[in-house]
Each structure stands twice: as structure tokens, then as C-alpha cells.
Amino acid sequence: MKRLLIPALALVYLSVGLSAQALPPNAYVGLFVDQIHSGTSVSYVPPLTPFTMWIWWLPSDKGIKAAEFEIIYPSNVIASTITVNPLVAAILGDPPSGTSAAFGDCQMAWVWTHQQTCYLTDMSPSVIQIVAHPTGGGLNVATCEDGYPIATARALTPLYLNQTGPIAAEPVSWGTIKSLYR
């Protein structure tokens, strides 16, 4: 029994250690159609295709305390009900006109600020984009460092409608990638 237990515990320890990831040096934001931030496209099914769009943030290694952005919708999308994450303690504006959202606590893992019910009205290829706040000067986040300094977030992916698209990537060295798993 002891012979089997020790290798089993070692395997569990290794798998837990390998699954823990360090946060990246930059914050990212993407538009997704699911709770696990993986689906990035919607296809039209007549007469109207309802879907939920999630605005997911991946904090940098400095965390996220607040975020500001705007959402641009194409003409073949009807934007409807917006739900704000209960972790958001204060909010100004709304996604289509520019919003600033502050969390009650520092966020150090994937977190969503909004989810929105939308309707796709036809088969035209288009995208919903997340862009810089119209008056904030960027796609910004406040980090969790003292004084909550502002950092620029990077757009990970828009939401593709009636098409598929690549997920944005940045050139990174192999050493940087390996350091995320140490």
C-alpha cells in the first residue's frame, strides 16, 4: 500500500504544481460567448440568434482593481440587457458609450466585468470590438499596486460574427513562456 501511495501523491503534487500559472506582465481583455472564456464566434440561425457576450479580463502580475473600455457593435447586432458582475463595486457609463468599472477587491485571476444579451440579425460577417474608452485615453486598467497606477491592457480577441478568426498573439521568447510555468 505504501509503495502505491507515495507515487500517487507525487503525481498529484506534480499535476497541481504544473497547472498553477503565473500571471502575464500585461493585462488582457477579450470578448467571449461563454463562462470559461473560450468561445469567440457566433453564427446566425434565422430569424434572430440570441447570444450572451462576456467581457473577460486576465489581470497582469500586478492585478486589476478597475478597468475602462468601450464596445463597438456592428449594424447586424441588437445589444440588449447588460449584467454587471457583483464583484464590481462602482461603475460609470455603459459598454456602448464607454464605461469605467471598479472592483471592490483586487482581482488576480480571470474575471468578467459585464455580460450582455445580444441578438445577431443576419448572416453578414462582422465583429464586436472592445476598444479604448472614448475619454480615458486607452484600454486601461488600474493595477493593485499602491496608488492604483494605470496600465494599458491589450485586446485579446473581438467577438467574431458569422466567421471565425484567430486569437491575437504577441511575439514572445521561449524563455518568457517557460517562466509562466515555474
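The values are calculated or read from the model by the stated rules, or taken from the named source; none is laboratory data. Not measured: the values here are computed from a predicted model. All Cβ positions, glycine included, derive from the backbone under ideal geometry; neighbour counts span all protein chains shown.
Just a few scattered comments:
- Of the residues examined, S80 is not one that is outside any strand (DSSP E or B), on the phi < 0 side of the Ramachandran plot and polar (S, T, N, Q).
- Criterion violated by A109 - all others in (1) out of contact with any strand residue (DSSP E or B) (no Cβ under 6 Å at 6 or more places or on another chain); (2) closer than 16 Å to P158 by Cα; (3) aliphatic (A, V, I, L, M) satisfied: (2)
- Of all residues making up segment 124-137, the number that are touching a residue at least 40 places away in the same chain (Cβ under 8 Å) and exposed (fewer than 15 other Cβ atoms within 10 Å of the Cβ): 3
- Any hit, segment 32-43, residues being modelled with pLDDT of 95 or more, surrounded by fewer than 17 Cβ atoms within 10 Å (Cβ to Cβ), in a loop (DSSP other than H, G, I, E, B) and more than 15 Å from the chain's Cα centre (by Cα): yes
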